[in-house]
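Here the structure is laid out as C-alpha cells; the discussion comes afterwards.
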Amino acid sequence: MKRRRGSTLLEVIALMIGVSVMLALAITSIQALVSVERANRKEAATALRVDRLAESFRRDVHRAKAWKLTEIQGQSTLTLDLGEGRTTVYATTPEGVDVTSQTAGEAPSRRERFPMPNHRAALSEIPAQADAPARPRLTIARAVGQPDALALRVEPIPGREVPR
Amino acid sequence: MKTIPGPSGRNPSRRGFLLIEVTAGLFVLLCVLAMTVQLLAWSGAARRELRHRQWALHEAQNVLELVTALPPDALKTDALAARKLGERAEQALPGGTLTITAEPEAGEFPSTRVTVAVSWRGRSGNPVSPLRLVGWVPLPPKETTP
C-alpha cells in the first residue's frame, strides 16, 4: 500500500488560516505606521504655518502707534494704525487670517492670507494691568476639541518698534 | 516507523511540522508588532514634544516682551522670580517652570540683560533642556552733575 507524498486537506487549511492571521496583523501594523507618518508630517507643516502667522502678527503690532479691535458678524478685525494714514488690518475668516496693509486712498500695498486649516484663529483684547499695558491677543486653537488652555497665545505690546 | 506526509515534503517522518512552522511565523510577527507599537508610541511622544515646544516658545516671547517693557528699576531677579506661567500652563505644559534672571551688563550702552527660561517635563519624565530667550533693557543714562 503506497502512501502518496503530499498534504492532507486539513493541513493545508490550517496553513492558510495561519498565513491569513499573519497577513492581517502585518497589514494592520503597516496601515497604522503610514497613517501616523502622514499625521506627523501634516502637524509639522501646520506648526510652521502657525509660527509664520505669529511672527507677522508680532512684527505688525510692534510697529503700530494705535490699535482698535472690532467685531463684525462674529469675525474679529484688528486695525493697526502705523501713522501717516497707513494701516494694517488683521481679519479672521473661516479659512484663516487675512492681512491687508494700505495707505488711505490708495490700493493695498500688501495683501496676504494665512490659511489655517483645522485651526481657529481669534483676536481679543487684554486690558491694561498694573505692570502690563493693554495689548491685542491672537489666539490660535485647534478647531476641534482642543481646550482653550492649550491654544497658542501671541500677545505683543504695541508701539515697541515704531519707526521714527 | 510510519511515514506521515507533510506539505514540506522534505521531512516526511516528522509529525506536526506544519504546526511548528505556523507558530514560529506567528511568534516572529508578534515581535514585529510589538516593535511597531513602540514606534507608534515614540512617534506620538515626538509630536507632543513639538506641540509643547511651540507653546513654550510663544509663552516665553510673551513674558520677555512684558518684562523688557518694565522700568529698569523693577528688573531685580527676586522680584521677577515671583512671575509664573499662569494657570493655563498646567494643562499645556506638564511640569512647566519659568525662570527669569536679570543681570547688569556694561558696554557702550549699559543695560540689564534679561533671560527668560521655560522648562517642562519631557518624554522621559525629566525636565527638558530649557528654552531660553534673551533681551536687553537699556539703563537710563546717568545724569551729569551740574
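The values are calculated or read from the model by the stated rules, or taken from the named source; none is laboratory data. Computed from a prediction, not measured in an experiment: that's the story for all the values here. So basically every Cβ, Gly included, is an ideal-geometry build from the backbone, and we count neighbours across all protein chains shown. Each accessible area value is taken on the protein alone, full model and side chains, heavy atoms only, with ligands, DNA and RNA left out. Shrake-Rupley method; radii C 1.70, N 1.55, O 1.52, S 1.80 Å.
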Note to self: C-alpha centroids of the range B:81-129 and the range A:74-128 sit apart, in Å, by 31
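Across peptide B:60-66, how many C-beta atoms of other chains are within 10 Å of each residue C-beta, on average? Please list the in-between numbers first.
Numbers: counts 0, 6, 10, 1, 0, 10, 7.
Per-residue shielding by partner chains comes out at 5.
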Taking r as the C-beta separation of B:F17 and A:V34 and R0 as 35 Å, the FRET efficiency to the nearest 0.05 is 0.50
Expressed as a percent, the accessible surface of the protein assembly as shown that is carbon or sulfur, using a 1.4 Å probe and the full set of protein chains, is 59
What does the charge add up to near A:A66, with Lys and Arg as +1, Asp and Glu as -1, over the other residues with Cβ less than 14 Å from its Cβ? +2
Cα long-axis angle, helix A:9-62 against chain A (0 to 90 degrees, to the nearest 10): 10
Measuring from the longest principal axis of the C-alpha atoms of chain B, the long axis of helix B:17-68 (C-alpha) lies at a number of degrees, nearest 10, equal to 10
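With a 1.4 Å probe, what is the total accessible area buried between chains B and A, in Å² rounded to the nearest 100?
Values: alone 11200 and 11780 Å², together 19460 Å².
That pair of chains buries around 3500 Å² in total.
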Equivalent ellipsoid, chain A (semi-axes from 5 times Cα gyration tensor eigenvalues, Å): 60, 16, 12
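Cβ neighbours within 10 Å, averaged per peptide: list A:11-20, A:105-114 in order, most packed at the top.
Numbers: A:11-20: 13.7, A:105-114: 11.6.
Order by mean packing, descending: A:11-20, A:105-114.
At 1.4 Å probe radius, can you tell me the per residue accessible area of chain A in Å²? Let's see the in-between values first.
Details: 10100 Å² over 164 residues.
On a per-residue basis, 62 Å².
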Normalising by the residue count of chain B, find the relative contact order in percent from Cα pairs under 8 Å and 6+ residues apart. 18
Projected area averaged over orientations for the range A:91-164, convex hull of C-alpha atoms, nm²: 7.0
Starting from the Cα of A:K65, move 7 Å in the Cα-to-Cβ direction to define the label point; list residues of the range A:85-124 whose amide nitrogen is under 19 Å from there. A:85-90, A:101-106, A:109
Overall Cα dimensions of the range B:85-137 - principal axes, largest extent first, Å: 43, 23, 11
Sequence-separation-based contact order of chain A, relative, with Cα cut under 8 Å and 6+ spacing, percent: 18
Grab the eigenvalues of the alpha-carbon gyration tensor for the range B:32-114, scale each by 5, take roots, and send me the semi-axes largest first in whole angstrom. 38, 14, 10
Bin all alpha-carbon pair distances of the protein assembly as shown at 20 Å intervals from 0 and give each bin's fraction as a whole percent. 24, 39, 18, 12, 6, 1, 0
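Provide the per residue accessible area, probe 1.4 Å, for chain B, rounded to a whole number of square angstrom.
Details: 9360 Å² over 146 residues.
Per residue, chain B has an accessible area of 64 Å².
Averaged over its residues, how many other protein chain Cβ atoms are within 10 Å of peptide A:44-55's Cβ atoms?
Values: counts 3, 0, 1, 5, 1, 0, 2, 3, 0, 0, 4, 1.
Per residue, the number of nearby Cβ atoms from other chains is 2 on average.
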